[in-house]
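Computed from the coordinates by the stated procedures, all read-outs in this text should not be read as laboratory data. None of these values were measured; they are calculated from a predicted model. Note that each Cβ is placed from the backbone with ideal geometry, even for glycine, and that neighbours are counted across all protein chains shown.
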Amino acid sequence: MTADSSKNERYNAREAEIRWQKAWSEQGIFATKNDDPRPKYYVLEMFPYPSGRIHMGHVRNYTMGDVVARFKRAMGNAVLHPMGWDAFGMPAENAAIDRKVHPKAWTYDNIAAMKKQLQSMGLSLDWAREIATCDPAYYKHQQKMFLDFLKAGLVERKQSKVNWDPVDQTVLANEQVIDGRGWRSGAEVEQRELTQWFFKISDYSEDLLRALDTLDRWPDKVRLMQKNWIGRSEGLLLRFALDPATTPNKETELEIFTTRPDTLFGAKFMALSPDHPLAQAAAAKNPKLAAFIEQCHRMGTAQAEIDTAEKLGFDTGIKAVHPFDANWKLPVYVANFILMDYGTGAIFGCPAHDQRDLDFVNKYGLGNTPVVCPPGQDPKTFVITDVAYDGDGRMINSRFLDGMSIEEAKEAVAKRLEKETRGNSPVAQRQVNYRLRDWGISRQRYWGCPIPIIHCEKCGVVPVPEKDLPVTLPEDVTFDKPGNPLDRHPTWKSVKCPKCYGPARRETDTMDTFVDSSWYFYRYTDPWIKTAPTDRKIVDEWLPVDQYIGGIEHAILHLLYSRFFTRAMHKTGHAGVDEPFAGLFTQGMVVHETYRAKNGDWIEPANVKIEGLGDARHAILASTGEPVEIGSIEKMSKSKKNTVDPDDIIAAYGADTARWFMLSDSPPDRDVIWTEEGVQGAWRFMQRLWRLIGEIAEIDAPKTRPATFGEPALVVRKAAHRALANVSEDIDKLRFNRCVAHIYEFANALSDAIGQIESAPAGDLAWALHEAGDILVRLFHPMMPHLAEECWAALGHKTLVATESWPKVEPELLVESTITLPVQINGKKRADVTIARDAEKSDIEAAVLALDAVKKALEGKSPKKVIVVPGRIVNIVA
RNA sequence: GCGGACGUGGCGGAAUGGUAGACGCAAGGGACUUAAAAUCCCUUGGGAGAUUUCCCGUGAGGGUUCGAGUCCCUCCGUCCGCACCA
């Protein structure tokens with residue numbers, strides 16, 4: 001394309017994008033070599049689940065990662081930027097049930113389709129390292145690590161609850177429980193205990209918590225969420241005596257955990273989890289209690305469901321003895337909001353200072369006694385009715401604790417009860433407790449990584465010998481019935497015990513897909529190695545990931561599990577780092593207006609026409625003209641049909657337009673609203689850049705740099721280098737929306753400069769314009785790589801801009817000799833003062849006081865105070 | 001229920017505690033054109049005023065400060081996560 005024709009022709013994105021993608025791929029410029037001597041930089045976006053088509057969220061995520069990858073490459077790094085597929089999971093089995101396709105075929109078809117879509121985006125990925133977690137060549141190593149973790153004591157089997165669908169006779173995921181009912185059968189869900197495999201993540205609670213402080217390139221909110229999730233609390237493990245006359249089997253004590261021992265004198269009741277052994281024992285002798293416990297189990301296992309369910313209790317008749325008063329008896333209830341997983345599964349309730357306990361006593365008429373009095377409140381009149389008080393204050397109604405602060409009271413109670421003994425052990429001991437539970441990885445499903453274990457009646461649980469790995473999934477499975485196809489497969493689970501060679505059966509549970517995604521980024525460093533999950537030398541060179549980018553929805557689980565896995569891999573020798581992700585960025589979602597027809601059906605944006613403006617803005621069905629209701633702006637989802645297909649956008653405007661729009665306007669960590677106008681704006685700017693570069697290409701410029709620059713040339717050069725400095729800093733900090741704004745500003749400045757040229761520009765200006773053009777193209781290259789290549793060629797370069805280095809800023813072009821400072825009087829702007837950049841404070845003060853506006857405001861009086869903030873502002877306090 | 005965030009013009013947003021509204025979108029006016037599209041130029045937070053001026057204004061209310069969109073407290077609203085969705 002010549003410069004001359006470029007002036008008149010539109011940039012044909014469709015044609016050019018395919019051409020440049022081919023050029024990149026033929027020259028193999030994005031293939032990463034592990035022996036590349038340059039400084040390594042690992043940029044990674046969360047890999048997609050192969051659902052069938054990429055969505056705009058993917059476009060946003062992968063565009064951001066690609067900008068970083070291209071920028072770091074230009075900065076001289078060896079960049080690892082791989083892609084793969086989180087390919088196991090429920091949707092494949094649902095497709096098998098609904099459409100009678102095999103999960104494997106469905107998954108690989110989807111991968112092929114989505115790979116093609118991703119490639120059309122022009123991402124600078126090293127496809128040679130592509131992995132799919134459903135590939136036995138991948139999960140073989142996962143099984144190996146499971147066995148290594150088992151040997152290292154990081155795996156255990158224990159009982160745990162699942163959602164059970166009594167009609168389909170199958171385990172349900174929380175997602176498959178809708179309003180307490182199974183999504184297919186509609187039956188009321190029950191809780192059921194199963195023996196399952198767990199990774200002992202709780203062994204690392206303290207370490208996972210402490211190391212958060214070292215993750216200084218993670219968002220604070222994510223660190224805070226993880227901290228709260230781990231939930232460290234210091235408290236007291238306290239043994240209450242029970243009145244044996246009231247207990248089912250002469251039990252004599254009940255151990256509870258509390259973080260508020262200071263409130264012991266406000267205790268009104270004890271409460272047990274329905275799964276507590278004492279509750280179970282009591283239920284065995286009390287059919288009404290047994291029925292109550294059964295009722296407690298008639299709900300799903302989701303935390304939100306348990307917490308929002310009505311608080312219910314059942315008085316067991318058992319009496320507990322207050323630790324400070326043998327005559328003080330407390331009723332023991334079974335309550336549906338007490339979890340067996342946390343603490344000891346039993347609590348004492350102090351209703352005045354805990355809202356849940358207060359709701360409970362108000363329901364069962366047990367009353368409350370406030371024991372902490374807020375500052376400024378009269379203890380005599382302080383009462384609690386509906387709202388518990390959980391703030392600071394002084395102890396009241398608490399005998400020997402009265403007058404103490406909460407902390408002093410906690411200490412006093414602990415000291416006293418620690419010393420007291422019953423039997424041979426102390427009544428209480430201090431304990432650090434964590435909310436974090438072990439990671440249950442067993443799933444009663446087909447499409448996942450088989451757990452490499454064999455159950456033998458004689459030998460018990462036997463690991464599959466390493467030579468027999470991978471344990472592969474059988475392909476001849478049926479999905480005509482609910483339940484786990486592996487379990488009902490006629491032959492797959494029958495094996496010989498590796499120890500005694502007797503008949504045995506395979507473990508039919510597969511692993512949680514979070515296991516797959518907890519180490520995929522290790523595998524990318526050497527996806528070819530067959531003998532081990534990782535090559536220690538290579539993995540330690542690349543890890544940790546320098547920049548990880550993905551959705552905020554993964555802030556806790558995926559990231560915490562990956563952090564645990566890193567520790568476990570370190571312990572078992574598969575990696576040498578302590579943290580997997582040095583830098584983390586959580587992007588916002590892509591959202592869109594919703595549209596609804598009169599009959600309530602959701603309508604796709606592609607079928608809607610928007611008319612009118614402001615209050616008159618309304619929507620109609622494009623085909624019939626029928627009115628359509630414009631709904632709220634929501635996350636793009638299939639269910640609300642408010643999706644825009646990236647393929648359609650790329651076909652209409654090109655990948656660069658989609659990429660540019662994704663980076664414009666909204667800050668990357670916030671939601672972005674997809675609008676047709678915004679896309680068109682991006683497209684127009686792309687065309688404008690093309691015209692602008694075409695105009696520069698037409699100008700003849702001297703080959704060598706002029707010795708001096710006149711004012712017009714200097715203006716252009718300053719704009720170019722300021723843009724360069726700003727964009728560089730903002731890409732580095734992933735503030736892509738500001739990069740976009742700086743590029744607009746730069747393009748506007750360049751257009752102005754070119755507009756002012758009347759005849760052929762002088763040599764220095766021509767040179768400066770070409771310099772600016774070269775800088776501009778390299779600045780927008782990470783965002784719009786195809787257009788950048790086309791422009792780079794138009795400017796006469798024979799190289800690929802994708803392999804060019806980042807331009808170097810000339811710092812002397814960034815500083816001005818004079819600056820203009822705003823002048824405030826009592827905090828309100830009243831004037832400006834222009835002064836030498838390096839002026840002394842006293843000079844600035846003198847110049848400011850000489851201003852007419854300041855003299856007028858002061859009315860001849862001298863100012864009370866003059867505040868000079870160098871380079872920023874002057875404020876006069878009159 | 002628990003945990004986390006967010007709230008600034010008509011819209012998306014910008015603003016190390018220091019000129020609120022950069023940049024874009026939309027709108028209005030103009031140029032070019034037979035016309036349209038495209039492109040280019042100008043205007044655009046609200047109010048008052050004759051330009052160069054003043055007042056108000058960052059969800060609401062308080063506080064800290066010479067100075068608050070930014071920090072602190074209370075409240076209101078919206079969104080996200082909650083351990084078997086990925």
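Going by a ≥ b ≥ c, the root eigenvalues of the Cα gyration tensor, does the range A:263-344 fall in the rounded group (a/c under 1.5), the prolate group (a/b larger than b/c) or the oblate group? It comes out oblate by the Cα gyration axes. Under 19 Å between alpha carbons, and skipping anything fewer than 8 positions from A:LYS733 in its own chain: which lysines qualify? Partners within reach: A:LYS40, A:LYS72, A:LYS221, A:LYS808. Normalised by the number of residues in the range A:129-248, the average gap of Cα pairs under 8 Å and 6 or more apart makes the relative contact order 20 percent. Dipole size of chain A about its Cα centre, with +1 on Lys/Arg Cβ and -1 on Asp/Glu Cβ: approximately 1640 debye, rounded to the nearest 20.
I need the peptides A:784-793, A:660-669 ranked by packing, meaning the mean over residues of other C-beta atoms within 10 angstrom, with the highest value on top.
Working: A:784-793: 25.8, A:660-669: 21.7.
Peptide ranking by packing, descending: A:784-793, A:660-669.
Overall, the anisotropy analysis places the range A:184-273 in the oblate class: the square-rooted eigenvalues a ≥ b ≥ c of its C-alpha gyration tensor yield a/c not less than 1.5, with a/b not exceeding b/c. Principal-axis analysis of the Cα atoms of chain A puts helix A:90-99 at an angle of about 90° to the longest axis.
Using C-alpha pairs below 8 Å separated by at least 6 residues, the relative contact order for chain A is 14 percent. Distance from the Cα centre of the range A:565-606 to that of the range A:459-498, in angstrom? Spelled out, the Cα-based centre of one part sits 32 Å from the other. Take A:ASP109, project a point 7 Å from its Cα along the Cβ direction, then tell me which residues of the range A:41-63 have their backbone nitrogen under 15 Å from it. Flagged as within label range: A:50-53.
Spatial offset of the range A:630-695 relative to the range A:831-878 amounts to 47 Å, using the alpha carbon center of each.
Axis angle, to the nearest 10 degrees, between helix A:785-794 and the longest C-alpha principal axis of chain A: 10 degrees. Annotation: extensible slack from A:ASP341 through A:ILE556 equals 75.5 nm (criterion: 0.36 nm per residue apart, minus Cα-Cα distance).
Each of A:ILE454, A:PRO465, A:TYR434 was scored by the projection of its Cα onto the charge dipole of the range A:427-474, and the greatest displacement toward the positive side belongs to A:TYR434; charges sit on the C-beta of Lys, Arg, Asp and Glu.
Between A:LYS363 and A:ASN737, the simple label model (points 7 Å from Cα in the Cβ direction) yields a spacing of 4.4 nm.
Taking amide H positions as modeled 1.01 Å from N, with prolines and chain starts lacking one, the residues under 5 Å from A:TYR42 and 5 or more places away or on another chain are A:LEU80, A:ASP546, A:GLN547.
Computed extension length for A:LYS865-A:ASN327: 186.7 nm, one decimal, from 0.36 nm per residue of separation with the Cα-Cα distance subtracted. Beyond 14 Å, how much of the Cα-Cα pair distribution for the range A:510-585 remains, as a whole percent? Above the 14 Å cut-off, the range A:510-585 has 60 percent of its Cα pairs.
In a simple Cβ point-charge model (Lys, Arg +1; Asp, Glu -1; nothing else charged), the range A:84-154 has a dipole of about 140 debye relative to its Cα centre.
From the alpha carbon centroid of the range A:702-722 to that of the range A:757-809 is 14 Å. Annotation: amide H of A:GLN431 within the under-5 Å range of A:GLY235, A:LEU236, A:LEU237, sequence separation 5 or more or interchain, hydrogens built in the peptide plane. Average 1/r across all pairs of distinct alpha carbons in the range A:126-196, invert it, and you get the Kirkwood radius: 15.1 Å. Bridge orientation summary for chain A: considering DSSP beta bridges with both residues in this region, about 80 percent are antiparallel.
Normalised by 2.2 N^0.38 Å, where N is the number of residues, the alpha-carbon radius of gyration of chain A equals 1.18. For the range A:793-850, the alpha carbon positions stretch 59, 23, 16 Å along the principal axes, listed from largest to smallest.
So what's the net charge close to A:PRO706: Lys and Arg +1, Asp and Glu -1, counting the other residues with Cβ under 15 Å from its Cβ? Could you put the intermediate results ahead of the total?
Working: positive: A:LYS703, A:ARG705, A:ARG717; negative: A:ASP700, A:GLU711, A:ASP764, A:GLU771, A:GLU810.
It works out to a net charge of -2.
What is the angle, in °, between the Cα long axis of helix A:355-364 and the longest principal axis of the Cα atoms in chain A? Nearest 10 is fine, range 0 to 90. So the inclination is approximately 40 degrees. Judged by the gyration tensor of its Cα atoms, with axes a ≥ b ≥ c, the range A:332-422 is oblate; a/c meets the 1.5 cut and b/c is at least as large as a/b.
Given N residues in the range A:715-825, what is its alpha carbon radius of gyration divided by 2.2 N^0.38 Å?
Working: Rg = 15.3 Å, N = 111, 2.2 N^0.38 = 13.2 Å.
Here the answer is 1.16, to two decimals.
Each label was represented as a point 7 Å from its Cα along the Cα-to-Cβ direction; for A:ASP468 and A:ARG435 these points are 4.2 nm apart. Look at the dipole of the range A:742-800 built from charges on Cβ: of A:ALA788, A:HIS742, A:ALA760, the Cα furthest out on the positive end belongs to A:ALA788.
The modelled label-to-label distance for the pair A:ASN607/A:GLU629, using points 7 Å beyond Cα in the direction of Cβ, is 1.7 nm.
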